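No lab work stands behind these numbers, since they all come straight from the coordinates. The structure displayed is predicted, hence computed values, not measured ones. Note that each Cβ is placed from the backbone with ideal geometry, even for glycine, and that neighbours are counted across all protein chains shown.
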Amino acid sequence: MEDNPTSWFMRITVTILFLFLLAPVLLVFPISFSGDQILAFPPSSWSLRWYEALLGNNVMMSAFLTSLGLASVVTVLSLIIAIPASYAIVRLKVTGSEFLFNLFTAPLLLPTIVLGLAILIIFASMGLLATFTGLVIGHLVITLPYALRVLSVSLGNLNLACEEAASSLGAKPLAVFGKVTLPMMAPGIVAATALCFLVSFDEVVITLFLTGPRMTTLPVELFHHVESQADPLVASVSVLLILMTLAVVMIVDRTMGLTKAFVK
Amino acid sequence: MTTATFDMPVGAQKPSSTAGIAVALLLPIALVNAIGFILPVFNLARMSFNEALPGGGIAEAFTAANWTGLLQDSFYIELILNSIMVSLGITFATLLASYPIALYLHRASGAWRTFLTVLVISPLLTSAVVRTYGWIALLAEQGPVANVIAAMGFQPPRMMFNTTGVVIGLTEILMPYMILSLMAGFGRLDPKVEEAARTLGATPFRTFWRVILPLTLPGIALGCLLCFVLAISSFITLKLMGGGRVFLLATEIYDQAIVTLNWPLAATLSMLVLIIFGAALAVYSRVLRMIEG
């Protein structure tokens, strides 16, 4: 690289493109400390007023609590449903397991705008619109494929020898699973937990179809807010969201390494 | 779009009782899949053949009226063509903006490479609403970008609530997908090949054009397919950056479903998006065969 006469040109180009890529995320940090009434950059004065405004905003706070509860319930259910499913597909190797795997991960191939509309029409006839149950099912449709994929890879990479040793020493199948397989899957389970939580917490488009004035989530409320007015309130929410994501990612990184969890 | 591979135990004999256990283990996921995916999608396809009544009513029917009406209406023909053109433009802009980063990352090594890869992935973990909001602040009428352009002595163009804003916002939002696809396809790019071309006297431009670019075409094709389908179906950025003034397929589906309550038409437009997906996939596999063959 050093003797390459074009490398300085390359470096400047890459720096500018990285700035372009990160600009909108970086910008919300200074804007969140704005003292202005409207969205402007750079702000003419600095303050914490938009963080105070956020704490006093009942709609945002209750949407945040809904999102938190929803993402938690969805994550727990995703694990309860996807761990047995991945075991059946990878370990028991049922007939047509590859077809089943593709079928259960297929929702990710559909654009969310199409999936959201499809679910809206069905849920309308079942009376599930703007209900917590409806949101949980809607989110499970897109978190389960991630959970199944991550858990299947994690299970597939495990060495069978440990499980075989346990059962040859007389452990019952359930005991082998609970005492040997499950603990060895721990990194995969952590990654699946983080992924499901973030996917559910950030989901907007499908949720937009399923929410109503009675029940709304934080991303949907943010969307409506940005759509109707331009003030720095969204920036303060964004900073908190980014910090929360960062915390989740750091937990995953500590447990198994970030690139392992998200790139592969 | 990727399929996981498992190490299946070879020659594992299964007793007959495992079938029953497997069904029990798979039942919950099958149930969610049926209620939240299979049933809605088939119902959506069926809905596109129903008849829309004025005022949001729907008559059970089996008519192609939605489809023929769509293809005869010049508003919708233009909407479809516009959506395809804008998505192609976004894909091309994303490719131009992502290629240098992907190439640089491919050549980098060690902790520096890991750090930069994390920087590339991190926007993916940030909500599209948040990133679009950042763009609104950047591209606003008295915003920083307009100020820089004005300081250089030019008249700043309108960059919000029009197609320009949509293209800029979506380009940035889709860049991580493109960079990761490009990097996945850069495996064949050996630094020794470049070195060979340079020692044999090729100019940097010629080395790029005749050696690097052809070797990275599979990655380019994959990234373009992914970004095109994501661009044509993206909604949040289009709605917010377009400010209700840019009409493309995704916003029209939403408006017909939520505002006009014409579900048969919304369903027909959704099916159309899926048909465009299929066409893009067909073009992709053709292009891939041309590159490889």
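Extent along the principal axes, Cα only, for chain A: 72, 67, 31 Å, with the longest axis given first.
Label-to-label distance, B:Val283 versus A:Met250, with points set 7 angstrom from Cα along the beta-carbon direction: 4.4 nm.
The label point for B:Ile149 and the one for B:Val193, both projected 7 Å from the Cα toward the Cβ, are 4.0 nm apart.
Taken along its three principal axes, the alpha carbon spread of the stretch A:134-245 comes to 66, 28, 18 Å, from the longest extent down to the shortest.
Against the empirical curve 2.2 N^0.38 Å, the C-alpha radius of gyration of the stretch B:166-254 lands at a ratio of 1.49.
GNM on chain B, alpha-carbon springs under 10 angstrom: the most fluctuating residue among B:Ile101, B:Ile136, B:Ile29 is B:Ile29. Each Cα pair of the stretch B:137-293 feeds into the Kirkwood radius, which the Stokes-Einstein equation turns, at 4 °C and 1.567 mPa s, into a diffusion coefficient of 69 µm²/s. Helix-only arithmetic for chain A: the sum of -39500 (n - 2.57) across DSSP H runs with n ≥ 4, divided by the residue total, places the mean residue ellipticity at 222 nm at -23500 deg cm²/dmol. GNM on chain A, alpha-carbon springs under 10 angstrom: the most fluctuating residue among A:Ile16, A:Ile137, A:Ile31 is A:Ile16. If I model the stretch B:233-290 as equal point scatterers sitting on the Cα atoms and use the Debye formula, what is log10 I(q)/I(0) at q = 0.27 Å⁻¹? Scattering profile of the stretch B:233-290, log10 relative to I(0): -1.02.
A simple spin-label model places the labels of A:Phe99 and B:Arg46 2.2 nm from each other, with each point 7 Å out along Cα-to-Cβ. At an R0 of 25 angstrom, the distance between the Cβ atoms of A:Met10 and A:Ala186 translates into a FRET efficiency of 0.05.
Note on the stretch B:54-169: Kirkwood hydrodynamic radius from all Cα pairs is 18.6 Å, rounded to one decimal.
With Cα atoms defining each centre, the stretch A:110-144 and the stretch B:245-290 are spaced 19 Å apart in the structure.
For the pair B:Ala64 and B:Trp112, a Förster radius of 60 Å applied to the C-beta separation gives a FRET efficiency near 0.55, rounded to the nearest 0.05. Stokes-Einstein diffusion for the protein assembly as shown, with the hydrodynamic radius set to the Kirkwood value over Cα pairs and evaluated at 20 °C in a medium of 1.002 mPa s, equals 84 µm²/s.
Have a look at B:Asn33, B:Asn50, B:Asn147 and tell me which one the Gaussian network model of chain B (Cα, springs below 10 Å) gives the largest fluctuation. Among B:Asn33, B:Asn50, B:Asn147, the largest mean-square fluctuation in the Gaussian network model of chain B belongs to B:Asn33. Sorted fewest first by neighbouring Cβ atoms within 10 angstrom, B:Phe62, B:Phe208 come out as B:Phe62, B:Phe208. Counted by neighbouring Cβ atoms within 10 Å, the residues B:Glu194, A:Glu221, B:Glu60, A:Glu52 run from fewest to most as B:Glu60, A:Glu52, B:Glu194, A:Glu221. Percent of Cα pairs in chain B per distance bin of 5 Å, from zero to the largest separation: 1, 5, 8, 11, 12, 13, 12, 12, 10, 7, 5, 3, 1, 1, 0, 0. Given R0 = 35 Å, the distance between the Cβ atoms of A:Ser125 and B:Leu96 translates into a calculated FRET efficiency of 0.15. Helix-only arithmetic for chain B: the sum of -39500 (n - 2.57) across DSSP H runs with n ≥ 4, divided by the residue total, places the mean residue ellipticity at 222 nm at -21500 deg cm²/dmol.
Between the helical axis of A:132-156 and the longest alpha-carbon principal axis of chain A there is an angle of about 60 degrees. Relative to one another, the C-alpha centroids of the stretch A:31-61 and the stretch B:21-47 are positioned 44 Å apart. Among the residues of A:117-128, the average count of other protein chain beta-carbon atoms within 10 Å of the residue beta-carbon is 6.
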